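Report on one structure; see the data block that follows.
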Amino acid sequence: MNGVIENAGLWVFSDTYDLTLEMLGKGRELADTLQTELVAVMIGSSVQEKANELTKYGADKVYLVDNPALEHFQAEPYLSILHTLATKHHPEILLIGSTKNGKPIAARLATRMETGCVPDCTGLSVDGNRRLIGERITYGGNAVAKVTFKSKPQIATVPSRAFEKPSPRDRKGEVIGLESKFETVKTEVIERKPLEASTARIEEAGVIVSCGRGLDKKEDKVLLDDLATVLCGQVGCSRPLVEDRKWFSEWVGLSGHKVKPKLYIACGISGVIQHVAGIRDSKVIVAINKDPEAPIFEIADYGVVGNLYEILPALKEALRKQLQ
Ligand SMILES: Cc1cc2nc3c(=O)[nH]c(=O)nc-3n(C[C@H](O)[C@H](O)[C@H](O)COP(=O)(O)OP(=O)(O)OC[C@H]3O[C@@H](n4cnc5c(N)ncnc54)[C@H](O)[C@@H]3O)c2cc1C
């Protein structure tokens, strides 16, 4: 490759495969601008095939650390592998998936490497001095801050669905298998059990039917489930339904999951800024609320003023007939 700067490169790493692909899409664009290599780091167990795939999605090189001991994410070994690799190869930029696991890894890596870390970048670009500029939503979703770096490597975390997943292409890249020496794990996993509520990642959903405090009882969630089933979507909720009522385990919004579905149906959700900040990139927003003054109607593409207990069953029936 012409113009490749030695001992540099733009790296991407995530413990979530789809997010790795999304970052490769944006990473390819930035690496081309910088005329540098795009490198993916893949850590896990039996992940050789997935690593090979990454070259089709834009990686020039993949550093692969494949070891049965790395089957499940654990902070210490993953961090020590990334740190060893980054110290050896000096990436210019490191994009890390902004997942529950990725965020602390990024912060800890930045501390070890005595550099900065910009979390949750929904926009990324580079300036004429090869500085990465991260855009992040701030002030409760009312402003976008542009942040850049004074040191290298430049570490930024990227949330799911911030960037489009690229289409695979028939292109060549190098997959380099590495020995897996890593720090001893200082914590022990006693038990793993799947979470009842989060069977699928809500960020991946094409349709989300979401409820707020307008829902009176936990059992009434069935109304949302029914509509979500007809639309092949998933159910989401506002934060009070998790924090106050304990009916769900995850919420949508600024401090929860940021979603980008084709269709977001907000039922009995007032639409305050902290919720809206997490849904504003949805293609179509439909709001159902009995208060015509509810702020959700300001950002909704379609609004239904009325009682969700009447509207949801009627909507489900109408859609079921249409889709039959
Ligand atoms: C730092 C911080 C971060 C936060 N992060 C988030 C976040 O990420 N996500 C989030 O959601 N919240 C977040 N919040 C909480 C947020 O400020 C709001 O309190 C919350 O979003 C309100 O939830 P809601 O719309 O369900 O409830 P409410 O604001 O109480 O709204 C309920 C709505 O339901 C309507 N309604 C009632 N009954 C019916 C009915 N039968 N039919 C139709 N409509 C009906 C009402 O008219 C009302 O508009 C955060 C708060 C803070 C301080």
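The values are calculated or read from the model by the stated rules, or taken from the named source; none is laboratory data. In this text the structure is predicted, and so the values were computed from the model without any measurement. Positions of Cβ are backbone-derived with ideal geometry, glycine not excepted, and every protein chain shown enters the neighbour counts. For the accessible areas, the whole protein counts, side chains as well, though only heavy atoms, and no ligand, DNA or RNA atoms are used. Shrake-Rupley method; radii C 1.70, N 1.55, O 1.52, S 1.80 Å.
The portion of the accessible surface of the chain made up by carbon and sulfur, rounded to a whole percent, is 49 (1.4 Å probe; DNA, RNA and ligands excluded). In this structure, the pairs whose alpha-carbon distance is over 26 Å, taken from 246/283; 103/146; 146/260; 103/221; 61/103; 100/193, are 246/283; 103/221. Under 18 Å from a label point set 7 Å out along the Cα-to-Cβ vector of residue 178, the amide N atoms of region 97-112 belong to 97, 102, 105-112. Bridges between two residues of region 1-142, per DSSP, are antiparallel at a rate of about 25%. Spatial offset of region 78-147 relative to region 234-265 amounts to 26 Å, using the alpha carbon center of each. Of all aspartates and glutamates in the structure, the ones whose alpha carbon falls short of 17 Å from that of residue 217, not counting any fewer than 8 places away in one chain, are 225, 226, 243, 244, 310. Antiparallel beta bridges, as assigned by DSSP with both residues in region 88-229, represent about 60 percent of the total such bridges. Summed over the residues of the chain and divided among them, the accessible surface reaches 51 Å² per residue at a probe radius of 1.4 Å.
Taking every DSSP beta bridge that has both ends in the chain, the antiparallel portion is near 20%.
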